[in-house]
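All remarks here apply to the structure that follows.
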Amino acid sequence: MHNSFISNFKDNRKDIKVFFLTVAAIFVVIVLILEGYFYWTGETLPYDQVIQRQARTGEYYAPKYFNVYRQYKMLGIKRLKPEVLVLGTSRMMRFEKKHFPGKRFYNGAVDAVTAWGSEGVLDILHSLKDDELPHKIILGIDPWIFNPNYAQNREFKMYQLKKKFRDVAIIKGGYLFLKSLKEHIMAYDLVINETKKPLEFLPEVFKKKGIGLNAVIFHTGFSIDGNFVFPVTRERNDFTDIPQTMDAWQKKLAHENSFFPPAHDVDQNAVKSFEELLDYCKSRNVDVIVMVAPFRPDYYDALTTLDTHKEFFQKFREVLPKLVTARGYLFFDYASPYSLKLGNDDFDDNMHAYTKFNDIVSLQIGKAGWLN
């Protein structure tokens, strides 16, 4: 009986081992399949290879499951060495080469979630050698980066601490690995839970050009010049889930906790970071135009009339031009859509204007002689 017990125990232990090895093998196979799929469709193609391929084929770059970080734009700037460089968030992404004829142009704007305000812009400029710096920068500034209750400002001290420690090579390597691992796990989850499965996208991948699934499916994404090209089939005002009146926006803003949480003054850390950015440009003889892109009329009206928001918005518009003009730079406040005669139909959503804004502004910049 004793021998039988030992024999059963060994068999059970062997079965458990086989089970875990089988599960591990299945997991590894699934990961390899997904990673191969991501790489083949361009989702995880390294940025330097993305840019090389774009320069060769002119394809758009737009991953479906992964963010595009400013390192992609840094490489684009280094490659082109633009005379005119646009920086900011997605609200500036529609500026393109045609707006600045005769100039080497690049749009270095990135999504707000990866931009990190003035600190992020300064990181981009610090990555460039003196001969890679542009002659002129059009800098789009969003009000929320000066809001003390904006999430990234609430995390400013933690961000600074992380940045300090990331300067240590071994910590930086570990941080980047964990960040990448987290993003890949989130991508796996999205793929697994998505209604349309990876195999269903394959016919489009074979038939259409593009780097990244969104580029393939919607023929959209970043061009080789850095601007973001939106789908040509996109319907105007197809965002049915957003408010359509000032009153509705006021109700939504009253509970806002991301871009425009309630506030009454500007964040002094944000002011300091912005001054550092302007001073760096000044020290490198880079000419700068700072502008605030417009908001949709009903949203703008809500921002400027709601008691919990209007005081901050007013102070932002008082402080920012003083910081800019004190250094001899030009400042354009286009926050009000009425200044450019823009209506609700001239906007993608509440804060992204269609190209009418870019067309008008580029003409004004040209007439001002700033590009000479």
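What follows is calculated from the coordinates using simple rules that are stated; it is not laboratory data. Since we're looking at a predicted model, the values are computed, not measured. Methodologically, a virtual Cβ is constructed for each residue, glycine included, from the backbone with ideal geometry; neighbour enumeration extends over all protein chains shown.
Taking the number of Cβ atoms within 10 Å of each Cβ as an exposure proxy, the fewest-first ranking of F230, F313, F274 is F230, F313, F274.
With R₀ fixed at 51 Å, the C-beta to C-beta distance from D111 to V18 puts the FRET efficiency at about 0.65.
The stretch between R317 and K209 holds 34.6 nm of extra length on full extension. This uses 0.36 nm per residue minus the Cα-Cα distance.
Taking each of K78/K98; K78/K356; K251/K310; K73/K129 in turn, the alpha-carbon distance tops 22 angstrom for K78/K356. Look at I217, I138, I16 and count the other Cβ atoms within 10 Å of each Cβ; fewest to most, that gives I16, I217, I138. Rounded, prolate or oblate: pick one for the range 46-367, where a ≥ b ≥ c are the square roots of the eigenvalues of its C-alpha gyration tensor, a/c under 1.5 means rounded, and failing that, prolate if a/b is larger than b/c, else oblate. Because its axes are fairly even, with a/c under 1.5, the range 46-367 counts as rounded. The relative contact order of the range 46-367 comes to 23 percent, based on Cα pairs under 8 Å that sit 6 or more residues apart. Counting beta carbons within 10 Å around each of V68, V28 and listing the fewest first gives the order V28, V68. Would the range 304-372 count as rounded, prolate or oblate if I go by the C-alpha gyration tensor, calling it rounded below 1.5 in a/c and otherwise prolate when a/b exceeds b/c, oblate otherwise? Taking the square roots of the gyration eigenvalues as a ≥ b ≥ c, the range 304-372 is oblate.
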